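Comments concern the structure below.
Taken together, the values in this text are just the output of simple stated rules run on the coordinates, not laboratory data. Note that the coordinates shown come from a computational prediction; the quantities given were computed from them, not determined experimentally. Note: ideal-geometry Cβ built from the backbone for every residue, glycine included; neighbour counts use all protein chains shown.
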Amino acid sequence: MNRFACLILTLLLTACGNSLDDKPPAPLEPTNATKGFYCGMTLAEHPGPKGQLHVAGETAPLWFSSIRDALAYLQLEGATRRIRAFYVHDMGRADWQAPQAGTWIDATKAFFVLGSRREGGMGGAEVVPFADHAPAEAFTAAYGGRVLDYAAIRKEEMFPVQGEVTTR
């Protein structure tokens, strides 16, 4: 085979091999037995939004009882790992006591309320995610806080996340 044919074949095989592998995994739904990464307790035991991080090389996502925990993971450990997807509950649609199935959104496209009076899954101040800006603003009117997008929340002093969430 000549060099040109080898080059074409290599490009085709590379393109075919990457197309499906690079697609981020879809969000999953926790079961009644799903446990939080840090606390080891079932997610169902905690109110408020939850998070799931899909890490390259892992078959199951890492589950978090609060968004604050997920952001802390990104700061502490996730910076050195390839995060394929980061999903959070859209609290504009989800029930605070038990966020229902089908309310997951891509965290990198979410709006977050920081500094509200609502306590999250672990009983502390929670970072509350929303798919749209208007419900986030309505939440701040009721519970205080301020609205930040994902890029801005990454720059917050409490969450200086160094790693990138990739979708490839």
Cβ density ranking, 10 Å radius, fewest first, applied to Thr103, Thr80 yields Thr80, Thr103
Under a 5 Å amide H to amide H cut-off, with H placed in plane at 1.01 Å, what residues pair with Ala85 once short-range neighbours are removed? His54
Signed unit charges on C-beta, dipole axis of segment 24-154, positive-most listed residue His89, Val113, Tyr38: Tyr38
Throw me the Rg/Rh for segment 24-154, computed over C-alpha atoms with Kirkwood Rh, two decimals. 0.93
Under 17 Å from Lys23, Cα to Cα: lysines that are on another chain or at least 8 residues apart: Lys109
How far apart, in nanometres, would the label points at Ala138 and Asp95 be if each is projected 7 angstrom from Cα along the Cα-to-Cβ direction? 1.8
Quote the charge dipole size of segment 24-154 about the Cα centre in Debye, to the nearest 20; the model charges only the Cβ of Lys and Arg (+1) and of Asp and Glu (-1). 260
Within a Cβ distance under 10 Å of Trp63, other residues only, what is the Lys/Arg minus Asp/Glu net charge? +1
In segment 20-107, the GluC sites (Glu not before Pro) that sit in a DSSP loop and have at most 15 other Cβ atoms within 10 Å of their own Cβ are Glu58, Glu77
